[in-house]
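Chemist: First, the structure itself, so that you have it in front of you.
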Amino acid sequence: MRKTLLQGLLHRPLTEPPPRIDDPTVVTLARELDAAAQKKLGRSLAIREVDAGSCNGCELEIHALGNAFYDLERFGLRFVASPRHADVLLVTGPVTRNMREALLRTYAAAPAPKWVVAAGACACDGGEFATSAHCTAGVGAVLPVDVTIAGCPPTPLDLLRGLLTLFVQRP
Amino acid sequence: MTSWDDAVARLVDGSATLLSLWGEREAVHLALLHEGEVVHLGFACRDGRYPSLGREHPPAIRLERAARDLYGLDPVGLPDSRPWLDHGPEPTAYPFLPVEGEHLHQIPVGPVHAGIIEPGHFRFTCDGETVVRLEERLGYVHRGVEALMQGAALEKAARLAGRINGDSTVAYALAFARAVEQATATVPPPRAVWLRAVMAEIERIANHLGDVGAICNDAAFSLMQAHCAILRERVLRAAATCFRHRLMMDAIVPGGVARDLAPDGAETLRALLHEVRTRFPPLVNLYDATASLQDRTVGTGVLRTELARRFGAGGFVGRASGRDFDARRTPGYAPYDMLTFDVPVLSEGDVNARVWVRIKEITQSVNLIGQMLDRMPDGELRVAVGAQPGEGLALVEGFRGDVLVWLRLAEGRVQHCHARDPSWFQWPLLEAAIEGNIVADFPLCNKSFNCSYAGHDL
Ligand code: SF4
């Protein structure tokens, strides 16, 4: 293990120059986040992820946000285990009948002020499952949605952009 | 083997393995693996009743409960009368199995879990730290896939199939496509068949890398997770370069593939294989040489061979417990009959064995992709799918195990489609494997099984 750790310290970082600092969108978004988030929430935003019937494709990409390439936490965004610690619910899936109650309870458990982000085609409008009798047509049918992130699944960069938008929208 | 009784007898005596049991409005279907062949049997049951298989062969219990929820078919004699996928109007009212005994306490977990994972409920009954019984309750992600499939045009149905279970989208799309091709006597072009296998192996590597990292992370060893996640990300980026989608969704369609390998695809993949070949072995050494990690994974969550066989556990769950089965080999499908690969099998059945099967499979998949790149045939990508009505069944080895798709087509549409995730037979085994372990080891055991909720709940 010592060798692996040492290599990590001595060699060029394995990570690519993390998410391309030269990418103008990311730079702007990062700056926007700093200004807006600081005003509203200091430097951090706690996210509680809720799978409300996803195929788990969206979860895979949300997971990827934590890897060394995207490193979500350097933006002050982090995932928390309890809705009671959350500022944002990040919801995926078309909201199945069987998850509706759990989603409502999770929302109720999060303290105000709180925001809801619907991530992925399913969460936005039901996606391929929109016509199912076992689903509602997206998160909007159950909770007030502040931001929608399109894509099936949205890429980590899409997710990052979407989450940062939240700060721009708020006064 | 044509009669119900005969099939039941063979399942009970262990000479056949249950591949699936499913319903439609007035019929019940069985698929079994018998002497290396997949046997499909359909039985009419006009009065909506059939003799329960689950009563004698427990692996069928949840499938029978699901068929009852979905089609009202009554498995006569099944002792468990509780619903499974249909949670009804009062989702919180579910009678868990009663437990009696001194000093026992219960821990309810879920459906919303602490991490970024899918929803399901676990009810632990514990004596101090030790789990006496785990009971699972699933169905939270039931989206009504089979109902949506009925009457769907092939194109829509293929998209749905690819979204039953996102981490195995390639395996599902492939199983669906092969079932359609069998039903319509369509022969996909060779290049498509090989590209499909390349995608399937990329998917396997990506998921195994994610799992190995996540299992170590659940043993509080996040260094492995960080490195595995980097490798996984490289795989997904290569997939996006090659097939224009990180998870390769909708790339496989009935009749062939929707996209060719990108012009720089072969080069990208070779670079990726090189990366995995050089970066992964040091991580494997790290895993193997870290005593604190081994202390958590060795001997934890043991699944006995006998149970793995009886339940026909697929994938790393079965192969880590001595069940030597891989759908790429038995019954087998192209192009794997033209490729060389090993199917690693271990017998310890613990978390460590499930990690090692994944590690070895990553190496095998890397080699497979290399072989395929060297011999990739040229030519067409897709042929038109025949319009005749018919039935088709396909078994595909996804990263998690064998995915089964059965369907019946008429007038160019899906009349009925059933998809069975390997998790159906792995979830119940998790309940068995955790018994006698401490609660704190559950995340580790659970992750080492990594059963699918979406694939199971449909
Ligand atoms: S949007 Fe796509 S990836 Fe996300 S849950 Fe829906 S089908 Fe799966």
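The values are calculated or read from the model by the stated rules, or taken from the named source; none is laboratory data. No experiment lies behind these values; they were computed from the predicted model shown. Here the Cβ is made from the backbone with ideal geometry for all residues, glycine too, and neighbour counts use every protein chain on show. What goes into the accessible areas is simple: the full protein's heavy atoms, side chains included, and nothing from ligands, DNA or RNA. Shrake-Rupley method; radii C 1.70, N 1.55, O 1.52, S 1.80 Å.
Chemist: Any idea how many residues of the range B:415-445 are on the phi > 0 side of the Ramachandran plot and buried (at least 19 other Cβ atoms within 10 Å of the Cβ)?
Modeler: 0
Chemist: For the range B:166-187, what are the residues that are within 14 Å of another protein chain (Cβ to nearest Cβ) and of a type in the set (D, E)?
Modeler: Correct list: B:D167 only.
Chemist: When you go through B:R408, B:R354, B:R413, B:R400 one by one, which is the residue that is in contact (Cβ under 8 Å) with a residue 60 or more places away in the chain, touching a Pro at 6+ places or on another chain (Cβ under 7 Å) and either away from every other protein chain (no Cβ under 14 Å) or not aliphatic (A, V, I, L, M) (or both)?
Modeler: Selected residue: B:R400, the only one of B:R408, B:R354, B:R413, B:R400 that is in contact (Cβ under 8 Å) with a residue 60 or more places away in the chain, touching a Pro at 6+ places or on another chain (Cβ under 7 Å) and either away from every other protein chain (no Cβ under 14 Å) or not aliphatic (A, V, I, L, M) (or both).
Chemist: Could you check how many residues of the range B:108-141 are more than 10 Å from chain A (Cβ to nearest Cβ) and of a type in the set (A, V, I, L, M)?
Modeler: Going through the range B:108-141 one residue at a time, the tally reaches 4.
Let's see how each residue does on (1) at pLDDT 90 or above; (2) surrounded by fewer than 16 Cβ atoms within 10 Å (Cβ to Cβ):
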| site | (1), (2) |
| --- | --- |
| B:S20 | yes, no |
| B:A27 | yes, no |
| B:L30 | yes, no |
| B:L33 | yes, no |
| B:E37 | yes, yes |
| B:G42 | no, yes |
| B:Y50 | yes, no |
| B:L53 | yes, no |
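Chemist: Do you know which residues across the range A:45-87 are assigned to a strand (DSSP E or B) and either at the interface with chain B (Cβ under 7 Å from one of its Cβ atoms) or within 16 Å of the ligand (Cβ to nearest atom) (or both)?
Modeler: Pass one, the range A:45-87, residues assigned to a strand (DSSP E or B): A:45-51, A:77-79.
Of everything in the range A:45-87, those that are assigned to a strand (DSSP E or B) and either at the interface with chain B (Cβ under 7 Å from one of its Cβ atoms) or within 16 Å of the ligand (Cβ to nearest atom) (or both) turn out to be A:E49, A:V50, A:D51, A:F79.
Chemist: Give me the pairs, please: first residue somewhere in the range A:32-55 and acidic (D, E), second residue anywhere and modelled with pLDDT under 85, beta-carbon distance under 7 Å, and either six or more positions apart or on two chains.
Modeler: Qualifying pairs under 7 Å: A:E32/A:L164; A:E32/A:F167; A:E32/A:V168.
Chemist: Restricting attention to the range B:140-154, does a residue exist that is more than 14 Å from the ligand (Cβ to nearest atom), open to solvent by 10 Å² or more (accessible area, probe 1.4 Å), in contact with an Asp or Glu (Cβ under 7 Å, 6 or more places away or on another chain) and charged (D, E, K, R)?
Modeler: No, there is no match, as no residue in the range B:140-154 is more than 14 Å from the ligand (Cβ to nearest atom), open to solvent by 10 Å² or more (accessible area, probe 1.4 Å), in contact with an Asp or Glu (Cβ under 7 Å, 6 or more places away or on another chain) and charged (D, E, K, R).
Chemist: Conditions first: (1) within 20 Å of B:S423 (Cα to Cα); (2) more than 26 Å from the chain's Cα centre (by Cα); (3) of a type in the set (S, T, N, Q). B:T2 passes all but one, so which condition is the exception?
Modeler: Going through the list (1) within 20 Å of B:S423 (Cα to Cα); (2) more than 26 Å from the chain's Cα centre (by Cα); (3) of a type in the set (S, T, N, Q), B:T2 breaks only (1).
Chemist: With the structure loaded, tell me whether B:W406 is buried (at least 22 other Cβ atoms within 10 Å of the Cβ), among the aromatic types (F, W, Y) and either assigned to a strand (DSSP E or B) or in contact with a strand residue (DSSP E or B) (Cβ under 7 Å, 6 or more places away or on another chain) (or both) or whether it fails that test. Give the steps one after another, and end with the answer.
Modeler: On the way: buried (at least 22 other Cβ atoms within 10 Å of the Cβ): yes; among the aromatic types (F, W, Y): yes; either assigned to a strand (DSSP E or B) or in contact with a strand residue (DSSP E or B) (Cβ under 7 Å, 6 or more places away or on another chain) (or both): yes.
Spelling it out, B:W406 is indeed buried (at least 22 other Cβ atoms within 10 Å of the Cβ), among the aromatic types (F, W, Y) and either assigned to a strand (DSSP E or B) or in contact with a strand residue (DSSP E or B) (Cβ under 7 Å, 6 or more places away or on another chain) (or both).
Chemist: Give me a count of the residues in the range B:252-267 that are farther than 30 Å from B:G386 by Cβ and open to solvent by less than 40 Å² (accessible area, probe 1.4 Å). Steps first, please.
Modeler: Filtering the range B:252-267 down to residues farther than 30 Å from B:G386 by Cβ leaves B:263-264, B:266-267.
Narrowing further to those that are open to solvent by less than 40 Å² (accessible area, probe 1.4 Å): B:266.
Going through the range B:252-267 one residue at a time, the tally reaches 1.
Chemist: Further, regarding this structure: From the list B:R296, B:R270, B:R279, exactly one residue is at pLDDT below 95 and open to solvent by 80 Å² or more (accessible area, probe 1.4 Å). Which is it? So that I can check it myself, show each step before the final result.
Modeler: Working: B:R296 fails: open to solvent by 80 Å² or more (accessible area, probe 1.4 Å); B:R270 fails: at pLDDT below 95.
It is B:R279.
Chemist: Out of the residues in the range A:116-160 that are within 14 Å of the ligand (Cβ to nearest atom) and touching a Phe, Trp or Tyr at 6+ places or on another chain (Cβ under 8 Å), which is least open to solvent (accessible area, probe 1.4 Å)?
Modeler: In this case the residue turns out to be A:P156.
Chemist: Looking only at the range A:99-115, count how many residues are touching a residue at least 24 places away in the same chain (Cβ under 8 Å) and either within 16 Å of the ligand (Cβ to nearest atom) or open to solvent by 30 Å² or more (accessible area, probe 1.4 Å) (or both).
Modeler: 8
Chemist: Could I ask something else about it? Quick one: is B:D441 over 22 Å from the mean Cα position of the chain (by Cα), outside any strand (DSSP E or B) and free of Cβ contacts under 8 Å to residues at least 12 places away in the same chain?
Modeler: No; evaluated as a whole, the condition is false for this residue.
Chemist: Right, here's the next one. Which of (1) surrounded by fewer than 18 Cβ atoms within 10 Å (Cβ to Cβ); (2) within 14 Å of chain A (Cβ to nearest Cβ) does B:L97 not meet, given it meets every other one?
Modeler: Only one criterion is unmet by B:L97, namely (2).
Chemist: How about the range B:235-252: which of its residues are closer than 16 Å to B:N165 by Cα and in contact (Cβ under 8 Å) with a residue 40 or more places away in the chain?
Modeler: Passing the criteria: B:L247, B:M248, B:M249, B:D250, B:A251, B:I252.
Chemist: If you don't mind, there's one more thing I want to ask. Which members of the range B:155-164 meet the condition of being more than 7 Å from chain A (Cβ to nearest Cβ) and open to solvent by less than 10 Å² (accessible area, probe 1.4 Å)?
Modeler: Of everything in the range B:155-164, those that are more than 7 Å from chain A (Cβ to nearest Cβ) and open to solvent by less than 10 Å² (accessible area, probe 1.4 Å) turn out to be B:A157, B:A161, B:G162.
Chemist: Further, regarding this structure: Among the residues in the range B:331-340, are any open to solvent by 10 Å² or more (accessible area, probe 1.4 Å), β-branched (V, I, T) and farther than 20 Å from B:G312 by Cα?
Modeler: yes
Chemist: Moving to a separate point now. So, B:L261, is that one within 16 Å of the ligand (Cβ to nearest atom) and either at pLDDT below 95 or not charged (D, E, K, R) (or both) or not?
Modeler: Against the criterion (within 16 Å of the ligand (Cβ to nearest atom) and either at pLDDT below 95 or not charged (D, E, K, R) (or both)), B:L261 does not qualify.
Chemist: Please list, ordered by first then second residue, the pairs with beta carbon atoms under 8 Å, 6 or more apart or interchain, first in the range B:305-333 and closer than 17 Å to B:V355 by Cα and assigned by TED's automatic domain parsing to the domain that holds B:A353, second open to solvent by less than 20 Å² (accessible area, probe 1.4 Å) and polar (S, T, N, Q).
Modeler: Pairs that qualify, where the first residue is closer than 17 Å to B:V355 by Cα and assigned by TED's automatic domain parsing to the domain that holds B:A353 and the partner is open to solvent by less than 20 Å² (accessible area, probe 1.4 Å) and polar (S, T, N, Q), are B:T305/B:S321; B:A308/B:S321; B:A313/B:S321; B:A313/B:Q426; B:G314/B:Q426; B:G315/B:Q426; B:V317/B:Q426.
Chemist: Please list, ordered by residue number, the helices (runs of 4 or more DSSP H) wholly in the range B:286-370 having 3 or more residues that are in contact with an Asp or Glu (Cβ under 8 Å, 6 or more places away or on another chain). Before the answer, list the steps.
Modeler: On the way: elements: B:291-297, B:305-310, B:315-319.
So the answer is B:291-297, B:315-319.
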